[in-house]
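Visitor: If you scroll down you'll find the structure; I have some questions about it.
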Amino acid sequence: MMNLSALKIDPEFQGKIPPLTFEELNQLEANILRDGRIINPIIVWQGLIVDGHNRYTIAKKHPEIPFTVHEKEFASRYEAIIWICKNQLGRRNLTPEQKKYLIGKQYETEKQIRSFQGNQHTAVVSYENRNSPQVEKDRTCHRIAEENGVGRSYVIDAEKYAAGIDQIEEIQPGMKESILTRKTKATAAEIASVARAPPEERPALVAEICKPKSPKPPAQKQKAPPAVAAPLPDASTSDEKAPDEEPTSTPAPSEPIFPQKENEPLKVDRQQILEIANNRYHVKQLANGAAMLCEVSGAANSMMRRWESVFREYPDILSDVENRASVGRTIQKLRDYLKNLEDKMEELL
C-alpha cells in the first residue's frame, strides 16, 4: 500500500471534479467505515491524484482503513485533464451547469493539444494529415457532442461558458462552486460575457452576477371589468384550440342576444353555449408501446455502457473476490428480472 504522504492534490485537477455535498461526503465516509476498507482505488498520475480526492481525505482521517492506488499513464497534463472530464461526465449525477462546464473544459483542452502538436510538428502534420486546423477542430467538436448526446453548438457554447466560470472564480473565489451547484443563479449568457469582456470590466460584471436576485413581486390580480356588449368568443379564436383543429365559426343568431344596457346580464342561447363547448374539446393522443420502445432500448444500452466504463477504469472489481461476488449477485438479480419478464411475454402469446 502506497504511503499517503506520497500522494499530492493538484488544484487544477481537483477543480475539474464536482465536489460532493456535505451529506454525500458523510455517507461515503459511513460506507467506508462499514466496509472496513476503501473499495475503489485512488487513481494517480506521477503522484498527483486524478480521481479519488474524497477517498484520499477520508483515508487521511482514518489511517487504519486500507486503500489501494492505481497509477495511470498520460502523455501530458492536457491528457490527464481530458480523462478527468470524461471520467466525471460518465459516472456522476451532475447538474446541467456542471455538465456544461466539464464539456467546455474537455473541448478547450483537446484544442490546446492539437494547437501544441501543430506548432511542434507542422511539417509532419501537413504531410500526413492535410486537413486544416478548422476541420480538425470541427471533428473534435462533433465527436465530443456525440459522446455526450448534445449538439455541436452546445459544445461551442460550453467552452465559452467554462471560460467565463474560470474568470469568475479568479475574481471571486468560491463563486464557481456556487454557480455550478445552483446556489447562485446566473444565465449562460451572463457567464460567457465575463470571458469576452476586457479585463478591467470583468470585476463589475462578476459583482452583478454575485448580487442576490430579488424575488419578483406576485402579479396583482386585476378586477374583472363589468360586462359590456362585446362579441362572444368562439372556438376559432380560443387560445385553447389545438394546432391541428379545423377552425369553426358559430352561426350568427337570428336576433340580437346582447344586452343594450351596461351591467345587464348577458342573454346567450343555450344551443350556442353547447356548440362552443363542444368545439373546444379535442381528444389528446397518448403515446403507445411502439413509441416507448426507444426508452427500453436506451436504458439497456446505457446500463451496458456504464458497466463497461466502470470495469475498464476499475479492473479490481472483477479481479477481487469480494467485488466479483457482489457483481455476481447483481447479475443474478438482473437474470431473475429478465426471466420474469420473459414469462409474462410468453403468457401473452
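Visitor: Hey, does region 68-76 have a residue that's in contact with a Phe, Trp or Tyr (Cβ under 6 Å, 6 or more places away or on another chain) and touching a residue at least 24 places away in the same chain (Cβ under 8 Å)? Give the steps one after another, and end with the answer.
Guide: Taking region 68-76 and keeping what is in contact with a Phe, Trp or Tyr (Cβ under 6 Å, 6 or more places away or on another chain), we get 72, 74.
Pick out the ones that are also touching a residue at least 24 places away in the same chain (Cβ under 8 Å) and you get 72, 74.
Scanning region 68-76, I find at least one residue that is in contact with a Phe, Trp or Tyr (Cβ under 6 Å, 6 or more places away or on another chain) and touching a residue at least 24 places away in the same chain (Cβ under 8 Å), so the answer is yes.
Visitor: Residues that are buried (at least 18 other Cβ atoms within 10 Å of the Cβ): list the helices (runs of 4 or more DSSP H) wholly contained in region 7-71 that include at least 3 such residues. Before you say what the answer is, go through the steps one by one.
Guide: On the way: elements: 11-14, 22-35, 53-61.
It comes to 53-61.
Residue-by-condition table, conditions (1) of a type in the set (S, T, N, Q); (2) within 14 Å of the chain's Cα centre (by Cα); (3) surrounded by fewer than 16 Cβ atoms within 10 Å (Cβ to Cβ):
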position: Ser153; (1), (2), (3): yes, no, yes
position: Glu170; (1), (2), (3): no, no, yes
position: Leu180; (1), (2), (3): no, yes, no
position: Lys183; (1), (2), (3): no, no, yes
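Visitor: Conditions first: (1) touching a residue at least 60 places away in the same chain (Cβ under 8 Å); (2) under 17 Å from Lys105 (Cα atoms); (3) not charged (D, E, K, R). Leu7 passes all but one, so which condition is the exception?
Guide: Unmet for Leu7, out of (1) touching a residue at least 60 places away in the same chain (Cβ under 8 Å); (2) under 17 Å from Lys105 (Cα atoms); (3) not charged (D, E, K, R): (2).
One line per residue, one yes/no per condition, for (1) outside any helix (DSSP H, G or I); (2) at pLDDT below 80; (3) under 24 Å from Thr68 (Cβ atoms):
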| position | (1), (2), (3) |
| --- | --- |
| Ala299 | no, yes, no |
| Ser302 | no, yes, no |
| Glu308 | no, yes, yes |
| Lys333 | no, no, no |
| Asp343 | no, no, no |
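Visitor: Can Thr21 be described as within 20 Å of Gly164 (Cβ to Cβ) and either within 25 Å of the chain's Cα centre (by Cα) or assigned by TED's automatic domain parsing to the domain that holds Gln167 (or both)? Step through it out loud before you land on a result.
Guide: Details: within 20 Å of Gly164 (Cβ to Cβ): no; either within 25 Å of the chain's Cα centre (by Cα) or assigned by TED's automatic domain parsing to the domain that holds Gln167 (or both): yes.
Considered against the rule, which asks whether it is within 20 Å of Gly164 (Cβ to Cβ) and either within 25 Å of the chain's Cα centre (by Cα) or assigned by TED's automatic domain parsing to the domain that holds Gln167 (or both), Thr21 comes out as no.
Visitor: Please work out if Gly174 is under 15 Å from Lys99 (Cα atoms) and either loosely packed, with under 14 Cβ neighbours inside 10 Å or at pLDDT below 95 (or both). Please lay out each step first, then the result.
Guide: On the way: under 15 Å from Lys99 (Cα atoms): no; either loosely packed, with under 14 Cβ neighbours inside 10 Å or at pLDDT below 95 (or both): yes.
When the stated conditions are applied, Gly174 does not pass them.
Visitor: When you check Ile209 against the structure, is it at pLDDT below 95 and buried (at least 20 other Cβ atoms within 10 Å of the Cβ), yes or no?
Guide: Values: at pLDDT below 95: yes; buried (at least 20 other Cβ atoms within 10 Å of the Cβ): yes.
In short, yes.
Visitor: So, Ala80, is that one more than 28 Å from Asp320 (Cβ to Cβ), at pLDDT 90 or above and either assigned to a strand (DSSP E or B) or among the small types (Gly, Ala, Ser) (or both) or not?
Guide: Working: more than 28 Å from Asp320 (Cβ to Cβ): no; at pLDDT 90 or above: yes; either assigned to a strand (DSSP E or B) or among the small types (Gly, Ala, Ser) (or both): yes.
No; evaluated as a whole, the condition is false for this residue.
Visitor: Quick check: is even one residue across region 86-107 of a type in the set (Gly, Ala, Ser), surrounded by fewer than 17 Cβ atoms within 10 Å (Cβ to Cβ), under 20 Å from Leu48 (Cβ atoms) and modelled with pLDDT under 95?
Guide: Pass one, region 86-107, residues of a type in the set (Gly, Ala, Ser): 90, 104.
Right, trim to surrounded by fewer than 17 Cβ atoms within 10 Å (Cβ to Cβ) and you get 90.
From what is left, the residues that are under 20 Å from Leu48 (Cβ atoms) are none.
Checked region 86-107: no residue is of a type in the set (Gly, Ala, Ser), surrounded by fewer than 17 Cβ atoms within 10 Å (Cβ to Cβ), under 20 Å from Leu48 (Cβ atoms) and modelled with pLDDT under 95.
The values are calculated or read from the model by the stated rules, or taken from the named source; none is laboratory data. All figures in this text were calculated on a predicted structure; none of them were measured in a lab. Every residue, glycine as well, gets a Cβ built from its backbone with ideal geometry; the counts of neighbours run over all protein chains shown.
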